[in-house]
Amino acid sequence: MPANYQFPHRDLLGIEGLSERDISGILDLAESYIALNRKQDKKQNLLSGRTLINLFFESSTRTRTSFELAGLRLGADVINMQVSGSAIEKGETLLDTAATLNAMHPDFITVRHPESGAVMLLSQKVNCPVINAGDGSHEHPTQALLDALTIRTKGRKFKGLKVAICGDIKHSRVARSNIYLLTTMGADVRVIAPPTLMPPYIEKLGVTAYTDMRKGIEDVDVIMMLRLQLERMSASYLPSIREYFRLYGLNPEKLQLAKEDALIMHPGPINRGVEIGSEVADDIQRSVILDQVELGVAVRQAVLALLG
Ligand code: NCD
(Lines give C-alpha, C1' and ligand atoms only; values in the text may rest on other atoms or scores of the structure.)
Protein backbone atom coordinates (compact mmCIF):
# COMPACT_ATOMS: atom_id res chain seq x y z
CA MET A 1 0.00 0.00 0.00
CA PRO A 2 1.44 3.42 -0.97
CA ALA A 3 2.64 4.95 2.27
CA ASN A 4 1.33 8.49 2.36
CA TYR A 5 -0.90 9.22 -0.60
CA GLN A 6 -4.06 11.10 0.40
CA PHE A 7 -6.87 11.67 -2.09
CA PRO A 8 -7.46 15.45 -2.10
CA HIS A 9 -11.20 15.44 -2.91
CA ARG A 10 -14.28 14.49 -0.86
CA ASP A 11 -16.06 12.85 -3.81
CA LEU A 12 -15.13 11.00 -6.99
CA LEU A 13 -17.39 12.63 -9.58
CA GLY A 14 -15.15 12.29 -12.63
CA ILE A 15 -11.63 11.82 -13.93
CA GLU A 16 -11.58 15.41 -15.25
CA GLY A 17 -9.59 17.44 -12.75
CA LEU A 18 -7.62 14.52 -11.29
CA SER A 19 -3.86 14.76 -11.52
CA GLU A 20 -1.40 12.12 -12.68
CA ARG A 21 -0.53 11.61 -9.02
CA ASP A 22 -4.19 11.07 -8.04
CA ILE A 23 -4.65 8.48 -10.77
CA SER A 24 -1.40 6.67 -9.91
CA GLY A 25 -2.27 6.85 -6.20
CA ILE A 26 -5.61 5.09 -6.78
CA LEU A 27 -4.05 2.50 -9.12
CA ASP A 28 -1.21 1.73 -6.70
CA LEU A 29 -3.63 1.10 -3.87
CA ALA A 30 -5.96 -0.92 -6.14
CA GLU A 31 -3.04 -3.13 -7.13
CA SER A 32 -2.63 -4.18 -3.51
CA TYR A 33 -6.21 -5.52 -3.45
CA ILE A 34 -5.82 -7.80 -6.48
CA ALA A 35 -4.04 -10.60 -4.61
CA LEU A 36 -6.39 -10.24 -1.63
CA ASN A 37 -9.40 -10.79 -3.92
CA ARG A 38 -7.90 -14.07 -5.14
CA LYS A 39 -7.59 -15.48 -1.62
CA GLN A 40 -10.25 -17.61 0.00
CA ASP A 41 -10.66 -15.20 2.92
CA LYS A 42 -11.22 -11.83 1.26
CA LYS A 43 -12.56 -9.93 4.24
CA GLN A 44 -10.91 -6.91 5.85
CA ASN A 45 -12.24 -4.57 8.51
CA LEU A 46 -11.03 -1.20 7.20
CA LEU A 47 -14.60 0.08 6.78
CA SER A 48 -16.31 -1.86 9.52
CA GLY A 49 -19.23 0.05 11.00
CA ARG A 50 -19.56 2.21 7.86
CA THR A 51 -22.55 2.17 5.53
CA LEU A 52 -22.39 2.24 1.73
CA ILE A 53 -25.56 2.95 -0.25
CA ASN A 54 -25.62 2.00 -3.93
CA LEU A 55 -28.28 4.13 -5.61
CA PHE A 56 -28.88 2.99 -9.17
CA PHE A 57 -31.34 4.76 -11.46
CA GLU A 58 -30.14 2.74 -14.47
CA SER A 59 -29.52 -0.95 -14.94
CA SER A 60 -26.12 -2.40 -14.14
CA THR A 61 -24.48 -5.79 -13.67
CA ARG A 62 -20.73 -5.25 -13.26
CA THR A 63 -20.62 -1.83 -11.65
CA ARG A 64 -23.25 -2.46 -8.99
CA THR A 65 -22.02 -5.93 -8.10
CA SER A 66 -18.44 -4.79 -7.84
CA PHE A 67 -19.24 -1.80 -5.63
CA GLU A 68 -21.23 -4.16 -3.44
CA LEU A 69 -18.38 -6.68 -3.23
CA ALA A 70 -15.82 -3.93 -2.67
CA GLY A 71 -17.80 -2.56 0.27
CA LEU A 72 -18.48 -5.99 1.79
CA ARG A 73 -14.87 -7.12 1.45
CA LEU A 74 -13.71 -4.01 3.30
CA GLY A 75 -16.16 -4.75 6.09
CA ALA A 76 -18.82 -2.09 5.36
CA ASP A 77 -22.58 -2.64 5.51
CA VAL A 78 -23.97 -2.28 1.99
CA ILE A 79 -27.49 -1.32 0.93
CA ASN A 80 -28.51 -1.57 -2.72
CA MET A 81 -31.31 0.76 -3.74
CA GLN A 82 -33.00 0.00 -6.98
CA VAL A 83 -35.31 2.64 -8.40
CA SER A 84 -38.06 0.14 -9.04
CA GLY A 85 -39.66 -0.50 -5.68
CA SER A 86 -38.52 2.84 -4.20
CA ALA A 87 -40.41 6.09 -3.60
CA ILE A 88 -38.80 7.49 -6.75
CA GLU A 89 -41.53 5.61 -8.59
CA LYS A 90 -44.01 7.59 -6.53
CA GLY A 91 -42.68 10.88 -7.90
CA GLU A 92 -40.04 11.82 -5.34
CA THR A 93 -37.40 14.13 -6.81
CA LEU A 94 -33.69 13.29 -6.92
CA LEU A 95 -32.93 15.93 -4.30
CA ASP A 96 -35.65 14.69 -1.94
CA THR A 97 -34.26 11.17 -2.31
CA ALA A 98 -30.79 12.55 -1.53
CA ALA A 99 -32.03 14.36 1.58
CA THR A 100 -33.90 11.25 2.75
CA LEU A 101 -30.88 8.99 2.39
CA ASN A 102 -28.63 11.62 3.96
CA ALA A 103 -30.83 11.67 7.08
CA MET A 104 -29.89 8.02 7.68
CA HIS A 105 -26.17 8.91 7.96
CA PRO A 106 -24.60 6.85 5.20
CA ASP A 107 -20.78 7.01 4.91
CA PHE A 108 -20.64 6.63 1.12
CA ILE A 109 -23.19 6.85 -1.69
CA THR A 110 -22.51 5.55 -5.19
CA VAL A 111 -24.91 6.85 -7.81
CA ARG A 112 -25.74 5.86 -11.37
CA HIS A 113 -28.17 8.15 -13.17
CA PRO A 114 -29.29 8.64 -16.80
CA GLU A 115 -28.73 12.43 -16.69
CA SER A 116 -25.27 14.00 -17.04
CA GLY A 117 -24.61 16.15 -13.98
CA ALA A 118 -27.20 14.49 -11.72
CA VAL A 119 -24.53 12.87 -9.53
CA MET A 120 -22.78 16.17 -8.89
CA LEU A 121 -26.11 17.77 -7.98
CA LEU A 122 -26.83 14.97 -5.52
CA SER A 123 -23.35 15.26 -4.00
CA GLN A 124 -24.10 18.86 -3.03
CA LYS A 125 -27.07 17.75 -0.93
CA VAL A 126 -25.44 15.08 1.22
CA ASN A 127 -22.73 15.05 3.89
CA CYS A 128 -20.80 11.95 2.80
CA PRO A 129 -18.49 11.14 -0.13
CA VAL A 130 -20.34 10.45 -3.38
CA ILE A 131 -18.93 8.24 -6.14
CA ASN A 132 -20.17 8.60 -9.69
CA ALA A 133 -21.06 5.16 -11.02
CA GLY A 134 -21.99 6.64 -14.42
CA ASP A 135 -24.03 9.79 -15.17
CA GLY A 136 -25.65 9.94 -18.61
CA SER A 137 -23.05 10.41 -21.30
CA HIS A 138 -20.78 12.43 -18.99
CA GLU A 139 -18.37 10.32 -16.89
CA HIS A 140 -17.84 6.87 -15.39
CA PRO A 141 -14.60 7.38 -13.45
CA THR A 142 -14.21 3.95 -11.83
CA GLN A 143 -14.56 2.31 -15.26
CA ALA A 144 -11.64 4.35 -16.64
CA LEU A 145 -9.61 3.53 -13.52
CA LEU A 146 -10.21 -0.19 -13.85
CA ASP A 147 -9.37 0.00 -17.55
CA ALA A 148 -6.11 1.72 -16.64
CA LEU A 149 -5.34 -0.86 -13.96
CA THR A 150 -5.90 -3.62 -16.54
CA ILE A 151 -3.53 -1.94 -18.99
CA ARG A 152 -0.93 -1.50 -16.24
CA THR A 153 -1.13 -5.07 -14.95
CA LYS A 154 -0.56 -6.29 -18.51
CA GLY A 155 2.83 -4.61 -18.30
CA ARG A 156 2.06 -1.65 -20.55
CA LYS A 157 3.33 1.87 -19.80
CA PHE A 158 1.00 4.82 -20.39
CA LYS A 159 3.57 7.25 -21.83
CA GLY A 160 3.26 7.07 -25.61
CA LEU A 161 0.87 4.09 -25.48
CA LYS A 162 -1.35 4.13 -28.58
CA VAL A 163 -4.96 3.55 -27.56
CA ALA A 164 -7.95 3.49 -29.95
CA ILE A 165 -11.41 3.98 -28.42
CA CYS A 166 -13.96 2.84 -30.95
CA GLY A 167 -17.75 3.07 -31.21
CA ASP A 168 -20.43 5.36 -29.88
CA ILE A 169 -18.13 8.16 -28.71
CA LYS A 170 -20.98 10.68 -28.68
CA HIS A 171 -23.02 8.97 -25.97
CA SER A 172 -20.29 7.17 -24.05
CA ARG A 173 -19.33 8.19 -20.51
CA VAL A 174 -16.73 5.41 -20.62
CA ALA A 175 -15.05 7.11 -23.60
CA ARG A 176 -14.99 10.51 -21.90
CA SER A 177 -13.53 9.23 -18.62
CA ASN A 178 -10.94 7.19 -20.50
CA ILE A 179 -9.97 10.17 -22.65
CA TYR A 180 -9.34 12.30 -19.53
CA LEU A 181 -7.42 9.55 -17.80
CA LEU A 182 -5.28 8.34 -20.68
CA THR A 183 -4.33 11.82 -21.92
CA THR A 184 -3.42 12.85 -18.35
CA MET A 185 -1.15 9.79 -18.13
CA GLY A 186 0.59 10.66 -21.42
CA ALA A 187 -1.00 8.11 -23.77
CA ASP A 188 -1.63 8.84 -27.45
CA VAL A 189 -5.42 8.52 -27.74
CA ARG A 190 -7.43 8.06 -30.92
CA VAL A 191 -11.20 7.92 -31.12
CA ILE A 192 -12.99 6.10 -33.92
CA ALA A 193 -16.70 6.55 -34.71
CA PRO A 194 -19.10 7.07 -37.61
CA PRO A 195 -19.47 10.81 -38.34
CA THR A 196 -22.94 10.82 -36.71
CA LEU A 197 -21.52 9.46 -33.43
CA MET A 198 -18.41 11.67 -33.31
CA PRO A 199 -18.85 14.81 -31.15
CA PRO A 200 -17.54 17.86 -33.06
CA TYR A 201 -15.50 19.15 -30.08
CA ILE A 202 -13.72 15.87 -29.39
CA GLU A 203 -10.23 16.84 -30.63
CA LYS A 204 -10.20 19.69 -28.09
CA LEU A 205 -9.80 16.94 -25.47
CA GLY A 206 -6.37 16.10 -26.91
CA VAL A 207 -7.30 13.08 -29.04
CA THR A 208 -7.18 12.36 -32.77
CA ALA A 209 -10.50 11.55 -34.44
CA TYR A 210 -10.95 8.91 -37.15
CA THR A 211 -14.08 7.96 -39.04
CA ASP A 212 -12.25 5.15 -40.87
CA MET A 213 -11.69 2.32 -38.40
CA ARG A 214 -9.02 0.65 -40.51
CA LYS A 215 -6.88 3.81 -40.35
CA GLY A 216 -7.67 4.43 -36.69
CA ILE A 217 -6.55 1.07 -35.35
CA GLU A 218 -3.37 0.88 -37.41
CA ASP A 219 -0.45 0.04 -35.11
CA VAL A 220 -2.30 0.61 -31.81
CA ASP A 221 -1.35 -1.11 -28.53
CA VAL A 222 -4.86 -1.14 -27.05
CA ILE A 223 -8.32 -1.27 -28.65
CA MET A 224 -11.29 -0.29 -26.48
CA MET A 225 -14.61 -1.21 -28.05
CA LEU A 226 -17.83 0.49 -26.94
CA ARG A 227 -21.47 -0.59 -26.99
CA LEU A 228 -23.94 1.51 -28.99
CA GLN A 229 -25.81 3.45 -26.29
CA LEU A 230 -29.22 2.92 -27.90
CA GLU A 231 -30.97 4.09 -24.71
CA ARG A 232 -29.38 7.55 -25.16
CA MET A 233 -30.14 7.93 -28.87
CA SER A 234 -32.93 10.35 -29.63
CA ALA A 235 -32.64 9.98 -33.40
CA SER A 236 -31.54 7.44 -35.96
CA TYR A 237 -27.76 7.57 -36.17
CA LEU A 238 -27.01 4.43 -38.19
CA PRO A 239 -28.19 2.90 -41.46
CA SER A 240 -28.29 -0.64 -40.00
CA ILE A 241 -26.59 -2.84 -37.41
CA ARG A 242 -25.16 -4.99 -40.21
CA GLU A 243 -23.61 -1.99 -41.88
CA TYR A 244 -22.28 -0.81 -38.51
CA PHE A 245 -20.57 -4.13 -37.84
CA ARG A 246 -19.07 -4.13 -41.34
CA LEU A 247 -17.55 -0.67 -40.88
CA TYR A 248 -16.95 -0.40 -37.11
CA GLY A 249 -17.16 -3.90 -35.67
CA LEU A 250 -13.96 -5.49 -34.43
CA ASN A 251 -13.25 -8.73 -36.30
CA PRO A 252 -10.04 -10.73 -36.93
CA GLU A 253 -9.39 -8.98 -40.23
CA LYS A 254 -9.45 -5.45 -38.75
CA LEU A 255 -7.57 -6.63 -35.66
CA GLN A 256 -4.61 -7.56 -37.87
CA LEU A 257 -4.00 -3.86 -38.47
CA ALA A 258 -3.24 -3.27 -34.79
CA LYS A 259 0.03 -4.29 -33.11
CA GLU A 260 0.43 -8.04 -32.87
CA ASP A 261 0.10 -8.03 -29.08
CA ALA A 262 -2.65 -5.40 -28.93
CA LEU A 263 -5.03 -5.74 -25.98
CA ILE A 264 -8.75 -5.98 -26.72
CA MET A 265 -10.91 -4.24 -24.13
CA HIS A 266 -14.64 -3.65 -23.63
CA PRO A 267 -16.42 -2.27 -20.53
CA GLY A 268 -19.35 -4.64 -21.07
CA PRO A 269 -22.08 -5.51 -21.67
CA ILE A 270 -20.87 -6.70 -25.07
CA ASN A 271 -23.19 -7.02 -28.02
CA ARG A 272 -21.75 -9.82 -30.14
CA GLY A 273 -22.01 -9.19 -33.84
CA VAL A 274 -22.78 -5.50 -33.31
CA GLU A 275 -19.52 -3.86 -32.15
CA ILE A 276 -17.42 -7.00 -31.62
CA GLY A 277 -17.25 -10.48 -33.14
CA SER A 278 -17.12 -13.58 -30.93
CA GLU A 279 -13.76 -14.75 -32.37
CA VAL A 280 -12.22 -11.55 -31.06
CA ALA A 281 -14.15 -11.15 -27.80
CA ASP A 282 -13.25 -14.71 -26.79
CA ASP A 283 -9.62 -14.63 -27.99
CA ILE A 284 -7.87 -15.72 -24.81
CA GLN A 285 -4.51 -14.42 -26.01
CA ARG A 286 -5.61 -10.85 -26.43
CA SER A 287 -9.05 -10.15 -24.98
CA VAL A 288 -8.81 -8.79 -21.42
CA ILE A 289 -12.54 -8.20 -21.00
CA LEU A 290 -12.85 -10.50 -17.97
CA ASP A 291 -9.63 -9.13 -16.42
CA GLN A 292 -11.38 -5.74 -16.53
CA VAL A 293 -14.28 -7.19 -14.57
CA GLU A 294 -11.95 -8.75 -12.00
CA LEU A 295 -9.95 -5.57 -11.48
CA GLY A 296 -13.12 -3.50 -11.15
CA VAL A 297 -13.54 -4.81 -7.62
CA ALA A 298 -9.97 -3.85 -6.64
CA VAL A 299 -10.38 -0.34 -8.06
CA ARG A 300 -13.64 0.19 -6.17
CA GLN A 301 -12.02 -1.06 -2.94
CA ALA A 302 -9.22 1.47 -3.44
CA VAL A 303 -11.67 4.32 -4.08
CA LEU A 304 -13.73 3.48 -0.98
CA ALA A 305 -10.57 3.16 1.11
CA LEU A 306 -9.26 6.54 -0.06
CA LEU A 307 -12.56 8.39 0.42
CA GLY A 308 -13.36 6.71 3.74
C1 NCD B 1 -20.85 0.87 -19.21
C2 NCD B 1 -21.79 1.91 -18.68
O3 NCD B 1 -22.76 1.62 -17.98
O4 NCD B 1 -21.53 3.06 -18.98
N5 NCD B 1 -20.95 -0.36 -18.58
C6 NCD B 1 -20.29 -0.60 -17.42
O7 NCD B 1 -20.36 0.16 -16.48
N8 NCD B 1 -19.49 -1.67 -17.38
C9 NCD B 1 -20.88 0.74 -20.68
C10 NCD B 1 -22.17 0.41 -21.37
O11 NCD B 1 -23.23 0.30 -20.75
O12 NCD B 1 -22.10 0.27 -22.58
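The values are calculated or read from the model by the stated rules, or taken from the named source; none is laboratory data. None of these values were measured; they are calculated from a predicted model. Cβ sites come from the backbone with ideal geometry, for glycine too, and all protein chains shown count toward neighbours. What goes into the accessible areas is simple: the full protein's heavy atoms, side chains included, and nothing from ligands, DNA or RNA. Shrake-Rupley method; radii C 1.70, N 1.55, O 1.52, S 1.80 Å.
Rolling a 1.4 Å probe over the heavy atoms of the protein chains gives the chain an accessible area of 44 Å² per residue. With helices as the sole contributors, the chain gives -10500 deg cm²/dmol at 222 nm; each DSSP H run of n ≥ 4 counts as -39500 (n - 2.57), and the sum is divided by every residue. In summary, the lysines within cross-link reach of Lys259, defined as a Cα separation below 22 angstrom excluding same-chain residues under 8 places away, comprise Lys154, Lys157, Lys159, Lys162, Lys215. The value of relative contact order for segment 98-241, using C-alpha pairs under 8 Å at least six residues apart, is 20 percent. Working ranking of peptides 164-171, 141-148, 186-193 by packing, defined as the average number of other Cβ atoms within 10 Å per residue, highest first, is 141-148, 164-171, 186-193. Rounded to two decimals, the Cα-based Rg/Rh of the chain, with Kirkwood Rh, is 0.96.
Structural descriptor for the chain: relative contact order 20 percent, calculated from alpha carbon pairs under 8 angstrom and at least 6 residues apart. The 3J(HN,Hα) values that the Karplus relation (6.51, -1.76, 1.60; θ = phi - 60°) gives for segment 131-148 are, in residue order, 10, 6, 9, x, 10, x, 9, 8, 9, 8, x, 5, 5, 5, 5, 6, 5, 5 Hz. Gly and Pro appear as x. One Cα centroid belongs to segment 119-138, the other to segment 45-102; the line between them spans 12 Å.
For the chain, the share of accessible area belonging to carbon and sulfur comes to 50 percent (1.4 Å probe, ligands and nucleic acids excluded). For segment 253-268, 3J(HN,Hα) computed residue by residue from phi via the Karplus equation (6.51, -1.76, 1.60; θ = phi - 60°) reads 5, 6, 4, 4, 6, 7, 4, 4, 9, 4, 7, 9, 10, 7, x, x Hz, glycine and proline entered as x. Remark on segment 153-292: ratio of C-alpha radius of gyration to 2.2 N^0.38 Å is 0.96. Projected label points at Glu203 and Lys259, each 7 Å from Cα along the beta carbon direction, are separated by 2.5 nanometres.
Note down, for segment 56-157, the three equivalent ellipsoid semi-axes (square root of 5 times each alpha carbon gyration tensor eigenvalue), biggest first, whole angstrom. Show your work: numbers first, answer last.
Working: eigenvalues 133, 49, 33 Å².
Its equivalent ellipsoid spans semi-axes of 26, 16, 13 Å.
Computed over every Cα-Cα pair of segment 1-134 and binned at 10 Å starting from 0, the pair-distance distribution P(r) comes out as 11, 39, 37, 12, 1 percent.
Reported to the nearest whole Å, the Cα centre-to-centre distance from segment 224-239 to segment 152-172 is 20.
The overall shape of segment 218-297, judged from the alpha-carbon gyration tensor, is oblate: a/c is not under 1.5, and a/b is no greater than b/c. Near Ile202: Cβ cut-off under 11 Å, other residues only, Lys/Arg at +1 and Asp/Glu at -1. The net charge is +3.
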